[in-house]
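To keep things clear, I will list the structure first and then write my remarks on it.
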Amino acid sequence: YNDGMSEQLFHVGVKALVRDDRGRVLLVGNCSHDGKQRYMDLPGGRMDAGEGFLDTLKRELHEEIGTSYTGIPEYFDTVLSNVQPHIEYGQVGLVLLVYHTKLPESGVLKLGEQEHVYKWCEPTEAAELLQFKYPADFCESVKGM
């Protein structure tokens, strides 16, 4: 609850930097919270109550790209998103933990069966498309992969 004090409220999300064997990055298309702007994002989402970071990552990968992830992700970065979602009490900051995620060799992505639009991109293109939601230094890190 924000009672007008200078405190900032935050939501925490966990994102997966998924790359294929050609080095491309998987992006998902989302609509902004006002439903007006579509932007590209990394697969993942916000934590549910009582959920840990890796539990969130596994749940979101299953929901968004239809794969059961059992690997050990590699930490990549933590960023403060350019997007500030609206909740009942106003706007909140969005902290995103990003993990490199290597999908199992036998993993089959069920991209067409989910609610999002998907795109495999070269790192340079992915960096450009992520600029709406992610800070410039993060996008530069993606570009240099």
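The values are calculated or read from the model by the stated rules, or taken from the named source; none is laboratory data. As the structure is a prediction and not an experimental result, all values here were calculated from the model. Here the Cβ is made from the backbone with ideal geometry for all residues, glycine too, and neighbour counts use every protein chain on show. Side chains are part of the model used for accessible areas, which takes the heavy atoms of the whole protein and leaves out ligands, DNA and RNA. Shrake-Rupley method; radii C 1.70, N 1.55, O 1.52, S 1.80 Å.
The residue that is most open to solvent (accessible area, probe 1.4 Å), among those in region 25-60 that are assigned to a loop (DSSP other than H, G, I, E, B) and at pLDDT below 90, is Lys36. Among the residues of region 98-107, not a single one is at pLDDT 95 or above, open to solvent by 80 Å² or more (accessible area, probe 1.4 Å) and of a type in the set (D, E, K, R).
Checked across region 68-79, the condition of being of a type in the set (Gly, Ala, Ser), at pLDDT below 90 and open to solvent by less than 60 Å² (accessible area, probe 1.4 Å) holds for at least one residue. Restricting the first member to region 6-24 and to residues that are of a type in the set (Asp, Glu), and the second to residues that are open to solvent by 50 Å² or more (accessible area, probe 1.4 Å), the beta-carbon pairs closer than 9 Å and six or more apart or on different chains are Asp20/Trp120.
Looking only at residues of region 114-140 that are open to solvent by less than 50 Å² (accessible area, probe 1.4 Å) and part of a helix (DSSP H, G or I), we find that the one that is nearest to Arg38 (Cα to Cα) is Leu130.
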